[in-house]
Amino acid sequence: MHAVCKRYAWLPIEMRRTALLAAPVVAGQFSAMGMNVVDTVLAGRHGALTLAAVAVGSAVWSLVLLVVLGVLMAVPPSVSQLDGAGRRDEIGALFRQACWLALALGLALFAFVRASSWLLAAVGIAPEVQPRAIEFLHALSWGAPALAGLFVCRNLSEGLHWTLPTMVSGVAGLLALIPLGYALMFGTLGLPELGAAGLGYATALVTWLQLLGMVVYLSRSSRFTELAPFGRFEPPRRAPIAELLRVGMPMGASVFMEGSLFVATALAIGTIGAVQVAAHQIAISLASLAFMVPLGVAMATTVRVGSAVGRDDRSGVRRAGAAGYGIVLLTQTVSALALLLGAESIAALYTRDAAVAALAAVLMVYAAAFQFSDGIQAASAGALRGLKDTRVPMWITMASYWGLGMSLGLALGLGLELGAAGMWWGLIVGLSAAAFGLTRRFVRMSAARP
């Protein structure tokens, strides 16, 4: 036992380094979720129709946004590998090319959202909800370029092991959205009452303010002086943008596969009945909240693995990956126990409907069951991003989430009429398969590095 402890004495040190890097990112993720909560609460106070419009619009926005977020995830490992290799003088030029990519993605997101009315009609959204949902989306779309720019600025900072700006930006945005969203939605301080559209405009404006804050910080902070991220104008260059897309497009596809799995699950459960939908919403909101921690750890793992790759440190790659796994095993144990032991009490806080509460408590037990697989697949995906290994992981996630998870969920939930529980079995199996496949891939890739 003593020999084993001595052999792995490095693990607590590595876990501490990853945790310090991940903590501000986790706080930033919670702040981003907080903005969604603010949108929901304010919309609910304005009226049921406004709440429905914001819920529908947010689902469409989030689903498309995942692709933009995933593609721009190519920036942190690219920056961290250059930093680890001692090629910091190349980071500024890479960042400027990433800004061009972000601009293109932001404009594409803007155009898609502005033309999304056909999607609402195709999905079958209630006619009375569609006009307000479209108003919300159109207002929100003005923030699309800013959001893509904000992602790339945060990714530059995170790639250099400096994650505090992500937290500060997120918290500041949350605090700004509350009064501004209220004023534009309800028409206070001399402003017109814009309802759902007002909330969309408020979110877009806050996003532009967040971007402005990040640009000022990157321009003036001594941490980035030598990089001169905005030091000069450079036109788009094919080679660096193509490399970012080579790494980022599979990431975008992988993130979309996972996100769309949960959206499709919700839609499928929506065909079963109101009680099933309500219970699912309670359980999945808690699972999403718990996922913010491994997501932050995964982002930190990406940076640490990428830095080790830049240094040609094979041992450092494996240790950074192991630290990520160690942290998520601890955090997911806590979240699993909380969901398992507090299921009935937590469900009672959300609803007074006995049937909804009972089913939600059951689904929370299912959520507890996939906490480990969800955390491990996130950590593995983060570690593989650090290696810039994205194409094979894309196929692994596609096969796991949709080929296995969704197929099984539909067969059990709708085919065998097990309802929401059957769909959640699909989630468990899909996430577990992804965890196994991605972890196996990282072990093989990290061992094969020269």
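Quick note: the coordinates plus some simple rules give every number you see, no bench work behind them. These figures come from a predicted structure and were not determined experimentally. Note that we place each Cβ from the backbone using ideal geometry, even for glycine, and neighbour counts take in every protein chain shown.
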>> When the expected Rg is taken as 2.2 N^0.38 Å, what fraction or multiple of it is the alpha-carbon Rg of the chain?
In response: 0.98
> Is region 295-387 rounded, prolate or oblate when judged by the Cα gyration tensor, a ≥ b ≥ c being the square roots of its eigenvalues, rounded requiring a/c under 1.5 and prolate requiring a/b larger than b/c?
Replying inline: prolate
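Normalising by the residue count of the chain, find the relative contact order in percent from Cα pairs under 8 Å and 6+ residues apart.
Computed value for the chain: 21 percent relative contact order.
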>> Can you give me the Kirkwood hydrodynamic radius for region 70-221, using every pair of distinct Cα atoms, in Å to one decimal?
In response: 16.9 Å
>> Can you compute log10 of I(q)/I(0) for region 189-337 with the Debye formula, treating each Cα as one identical point scatterer, at q = 0.16 Å⁻¹?
In response: -1.34
> For region 350-450, treating each Cα as an identical point scatterer without solvent, what Debye log10 I(q)/I(0) comes out at q = 0.18 1/Å?
Replying inline: -0.83
>> Checking the a/c ratio against 1.5 first, then a/b against b/c, what shape does the Cα gyration tensor give for region 213-263?
In response: oblate
> If you plug each phi of region 70-83 into the Karplus form 6.51 cos²θ - 1.76 cosθ + 1.60 with θ = phi - 60°, what whole-Hz ³J(HN,Hα) values come out, in order, with x for Gly and Pro?
Replying inline: x, 4, 6, 5, 5, 5, x, x, 5, 5, 5, 5, 5, 5
> Tally Lys and Arg at +1 and Asp and Glu at -1 over the other residues with C-beta under 14 Å from the C-beta of VAL247: what net charge comes out?
Replying inline: +2
>> I need two numbers for region 22-90: Rg to one decimal and Dmax as a whole number, Cα atoms only, in Å.
In response: 17.8, 56
> Could you give the dipole magnitude of the chain about its Cα centre, charging the beta-carbon of Lys and Arg +1 and that of Asp and Glu -1, in debye to the nearest 20?
Replying inline: 1560 debye
> So how far, in whole Å, is the C-alpha centre of region 191-253 from the one of region 132-182?
Replying inline: 9 Å
> Based on the alpha-carbon gyration tensor of region 264-325 and its eigenvalue square roots a ≥ b ≥ c, which shape applies: rounded if a/c is under 1.5, prolate if not and a/b is larger than b/c, or oblate?
Replying inline: prolate
> Taking 0.36 nm per residue of separation and subtracting the Cα-Cα distance, what length does fully extending SER345 through ARG440 add?
Replying inline: 30.4 nm
> For region 6-128, how big is the tail of P(r) above 24 Å, as a whole percent of Cα pairs?
Replying inline: 53 percent
> Please identify the GluC sites (Glu not before Pro) of region 166-268 that satisfy two criteria: DSSP loop assignment and at most 15 other Cβ atoms within 10 Å. Which are they?
Replying inline: GLU193, GLU226
